[in-house]
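**Q** Handing you a structure now.
The values are calculated or read from the model by the stated rules, or taken from the named source; none is laboratory data. Keep in mind it's a predicted model, so treat the numbers as computed, not measured. Here the Cβ positions follow ideal geometry from the backbone for every residue, glycine too, while neighbour counts run over all protein chains shown. Surface accessibility is based on the protein's heavy atoms, side chains included, excluding ligands, DNA and RNA. Shrake-Rupley method; radii C 1.70, N 1.55, O 1.52, S 1.80 Å.
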Amino acid sequence: MKIGIVAPANTANPQMVAPLMAYAALAYPEVELVFHPQCWESDGHFAGPDARRAAAFLEFANDPAFAAIWFARGGYGSNRILAQVMPQLNDAARRKKYVGYSDMGFMLGALYARRIGRVAHGPMPTDILRSSGGDATVARALGWIARDERQGLEPGLGKRPAAAFNLAILGALIGTPWLPDLTDHELLIEEVSEPMYNIDRLLFTMANATQLRGVAGVRLGAVTSVKENTPAWNEPLAVMIQRWCRDMGVPFLGQAEVGHTQTNRVVPFGLI
């Protein structure tokens, strides 16, 4: 199985290649990982200009030799190429799996909205570089991609269709044609590097978005590296999320093992 690795947003770290290749060869010998040269390019904030990143994604996504696209890392930028790439995806692209998280939620959401391939919020190649246990983290994604393994999936899945997003990315998708119809879905959210006041603001947007009317409920993943709030925020996150779920008119369904963490698990969009 050939898995194509592209970077539709930021430049990837080349230090990931050796440990990732070594681990995959040992644990998933049937897998051939192919990094697109575009992964290492740089154009200011991005891994090459928009046109270059779009072309690299289309090259691998439309190639029937690849069974899956594994996004190298997150970082702002994939949203800038959605209008260019989505109309150009072919039948081969529709048969692939796509895995990533963070800002790659833009791409996952747009693909799922158009029922292109099987998409999942899950660990990316860059996670092999985590300080400890990076191999176990990427194994969750590789296991689902290569073997449809279930042990790396978020353990609460199965009763309803689901989708997972970084909260800031979800907020940016609301009001656009790239947000999929999440009626009857469990919505899993996570966040990183935001102050509590902005998390509250993003939850306000989620709770009042007409496009999210009809979700079955909300689950909260990891909220990490929270920036200091001055003055101090006086409402616990557990209280905040339940308050906004009440305003949204949906149940708070509890915790989820997703996020910018080493324990980030795989959430295939839809029913598993």
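**Q** So which residues in the range 140-167 are surrounded by fewer than 21 Cβ atoms within 10 Å (Cβ to Cβ) and not in a loop (DSSP other than H, G, I, E, B), if there are any at all?
**A** Answer for the range 140-167, where residues must be surrounded by fewer than 21 Cβ atoms within 10 Å (Cβ to Cβ) and not in a loop (DSSP other than H, G, I, E, B): 143, 146, 147.
**Q** Pull up the range 35-66, narrow it to residues that are open to solvent by 30 Å² or more (accessible area, probe 1.4 Å) and in contact with a Lys or Arg (Cβ under 6 Å, 6 or more places away or on another chain), then point me to the one that is nearest to residue 191 (Cα to Cα).
**A** 50
**Q** Can residue 162 be described as in contact with a strand residue (DSSP E or B) (Cβ under 7 Å, 6 or more places away or on another chain) and of a type in the set (Gly, Ala, Ser)?
**A** Working: in contact with a strand residue (DSSP E or B) (Cβ under 7 Å, 6 or more places away or on another chain): yes; of a type in the set (Gly, Ala, Ser): yes.
Considered against the rule, which asks whether it is in contact with a strand residue (DSSP E or B) (Cβ under 7 Å, 6 or more places away or on another chain) and of a type in the set (Gly, Ala, Ser), residue 162 comes out as yes.
**Q** Among the candidates 81, 69, which residue alone is touching a residue at least 40 places away in the same chain (Cβ under 8 Å) and within 12 Å of residue 116 (Cβ to Cβ)?
**A** Details: 81 fails: within 12 Å of residue 116 (Cβ to Cβ).
Residue meeting the stated conditions: 69.
**Q** If you don't mind, another one. So residue 195 ticks every box in (1) open to solvent by 20 Å² or more (accessible area, probe 1.4 Å); (2) without any contact (Cβ under 8 Å) to a residue 40 or more places away in the chain; (3) more than 16 Å from the chain's Cα centre (by Cα) but one. Which box is left unticked?
**A** The number of the failed condition is (1).
**Q** Let me ask another. Condition first: under 19 Å from residue 15 (Cβ atoms), in contact with a strand residue (DSSP E or B) (Cβ under 9 Å, 6 or more places away or on another chain) and part of a loop (DSSP other than H, G, I, E, B). Now tell me which residues in the range 122-139 satisfy that.
**A** 123, 124
**Q** Restricting attention to the range 211-260, report how many residues are open to solvent by 70 Å² or more (accessible area, probe 1.4 Å), touching a helix residue (DSSP H, G or I) at 6+ places or on another chain (Cβ under 7 Å) and in a loop (DSSP other than H, G, I, E, B).
**A** 1
**Q** So in the range 261-272, with the set limited to residues that are among the hydrophobic types (A, V, I, L, M, F, W, C) and not in a loop (DSSP other than H, G, I, E, B), which one is surrounded by the most Cβ atoms within 10 Å (Cβ to Cβ)?
**A** First, the residues of the range 261-272 that are among the hydrophobic types (A, V, I, L, M, F, W, C): 266-267, 269, 271-272.
Right, trim to not in a loop (DSSP other than H, G, I, E, B) and you get 266-267.
Numbers: 266: 27, 267: 29.
Among those residues, the one meeting the criterion is 267.
**Q** Condition check: closer than 17 Å to residue 74 by Cβ, free of Cβ contacts under 8 Å to residues at least 40 places away in the same chain and among the hydrophobic types (A, V, I, L, M, F, W, C). Does residue 168 satisfy that? It would help to see each step written out before you state the result.
**A** Details: closer than 17 Å to residue 74 by Cβ: yes; free of Cβ contacts under 8 Å to residues at least 40 places away in the same chain: yes; among the hydrophobic types (A, V, I, L, M, F, W, C): yes.
Yes; evaluated as a whole, the condition is true for this residue.
**Q** For a quick check of your reading of the model, give me the residue pairs whose first member lies in the range 223-241 and is farther than 19 Å from residue 166 by Cα, whose second is part of a helix (DSSP H, G or I) and open to solvent by 40 Å² or more (accessible area, probe 1.4 Å), with beta-carbon atoms closer than 7 Å and at least 6 apart or on different chains.
**A** 229/197; 233/197
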